[in-house]
Each structure stands twice: as C-alpha cells, then as structure tokens.
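A short write-up of the structure that comes next.
The values are calculated or read from the model by the stated rules, or taken from the named source; none is laboratory data. This one's a predicted model, so the numbers in the text were calculated from it and none came from an experiment. Counting neighbours? That spans all protein chains shown, and the Cβs are built from the backbone with ideal geometry, glycine included. Only protein heavy atoms, including side chains, enter the accessible area calculation; ligands, DNA and RNA are left aside. Shrake-Rupley method; radii C 1.70, N 1.55, O 1.52, S 1.80 Å.
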Amino acid sequence: MADPIDDAKRALRADLRERRQQRSEAARTADEAGVKGQLDALVARLGATSVSCFLSTPTEPGTHAFIVDAVARGIRVLLPITRADGLLDWTIADPEGEVAEGLFGVPEPVGDILSPLAVNDVDLLIIPAAAVDRSGMRLGWGRGFFDKTIGSMERCPPVYAVIFDTELLDEVPRDLHDQAVSGVVTPTQTLTLTPTRR
C-alpha cells in the first residue's frame, strides 16, 4: 500500500536533485564561497570551537572551503562516516587526509574512527538537507542518519542545514521520526528558524 508522505518526499527529492544537477560550475564556485562566508559568521557568532560538518558532493552547496579554513583556524571539525546500522561514526577533519566513497556513494574522510557519541561534544551541527521549511522541518535524502543523530542527543546544540536559497520552502512532507533544525545556511543568508522539537 502506498504511503502518501513517502510518495510526496520521493517526488520532492527527485525535483530538488534535478535542479541541483543543472547548476553551472560558475554558480557552484560562487555558492561555495557564499556558504563559507555564512558558516564562518555563524561559527563566530556562536563562539563555536568544535563543530560537525559534512563533505559536500559536487551538486551540494560546497562545504570544503569552510572545513579547510576552520581547521586552519584551530576549530575542531568532526566529519561523519556512515555505518550499515544507520548510525554515524565520526573522524576529525584533516584537509590533507584521504577521501573515499562511503556506503551510499557520498564522499567520506578516511581517518581514525570515533564512535557516534563523539558528536555530543560539538557546539554546532552543520548538516546536509534536500530542503527545509519555514518551521525548521528538514527533508533529508531518505536514509535517516542525521534524524537518528539529532534525535539521540541528550543536549543537542544548534543544528543548521546547508541548502540553496530556493530550497527553503513553505512546507515539506514530514513523518514522526523527522527532526527539525535550528536554522539554515544558504550561499546568501543564515536564517534562525523556530523548530518544533518532537
């Protein structure tokens, strides 16, 4: 039997994925510079000394420049490594380190593995998303890794999703397990939203 929420999510993800693939190389370069500036300002505003981030794929808003610069400035950056059980291990970002293809074809760092609990020590979570709505509800890519991570944290720090400006929507389809975010970072702005925590 079809699940209307799953169907709506699948259709929206397909549309968003196609739009991302159509962005030009010049736009992607500008987007990465914009995201770096927004994330730098957010980290400074929050006084964060330890953050989690992710290695962006070629079609995502770029995070690589931010990570390299943050590490150079002495900020501890944890990067996720996917596990078959749906949890995330972590490793400390090393700009000179190797990158391999993870479980689902996304780039992941090669390094010393820290357990899923390592993320409990960060001041800020920077996570990927397909879209976010104005209430702070996040639509991920369907694997649930970040929903599980956020939902399992005792004292969750601010969580900001990195998206393109056009991916801040009025509403996204949601399930009970979906987790809201504190705000969004786009190439042109950082918005703090008022999430509804479940």
### Query
PRO80: net charge of surrounding residues, Cβ under 12 Å, Lys/Arg +1, Asp/Glu -1, itself excluded?
+1
### Message
For a quick check, take a GNM of the chain with Cα springs below 10 Å and name the residue from ALA70, ALA41, ALA129 with the largest mean-square fluctuation.
### Response
ALA41
### Task
Ignoring everything but the protein chains, give the 1.4 Å probe accessible area of SER152 in square angstrom, nearest 10.
90
### Query
Using a 1.4 Å probe, what is the accessible area per residue for the chain, in Å²?
49
### Cα centroid separation, the range 41-62 to the range 67-91 (Å)
10
## Note on the structure
Connecting every pair of Cα atoms under 10 Å apart in the chain and solving the GNM, the largest mean-square fluctuation among LEU124, LEU12, LEU176 falls on LEU176
### Message
With just the Cα atoms defining each centre, how far is the range 1-28 from the range 139-198? Give it in Å.
### Response
16
### Message
Once neighbouring chains are kept in place and the probe is 1.4 Å, which whole percent of the accessible area of the chain is contributed by carbon and sulfur?
### Response
53
### Query
Taking the simple approach of a point 7 Å from Cα along Cα-to-Cβ for both LEU169 and GLN22, what is their distance in nm?
1.6
### Query
How would VAL71, VAL110 line up by accessible area, probe 1.4 Å, largest first?
VAL110, VAL71
### Task
With a 1.4 Å probe and all protein chains in place, put HIS177, HIS64 in order of accessible area, largest first.
HIS177, HIS64
### Query
Of the labelled options (i) 10.1; (ii) 10.9; (iii) 12.1, which one gives mean projected area of the Cα convex hull in nm² as computed for this structure?
(ii)
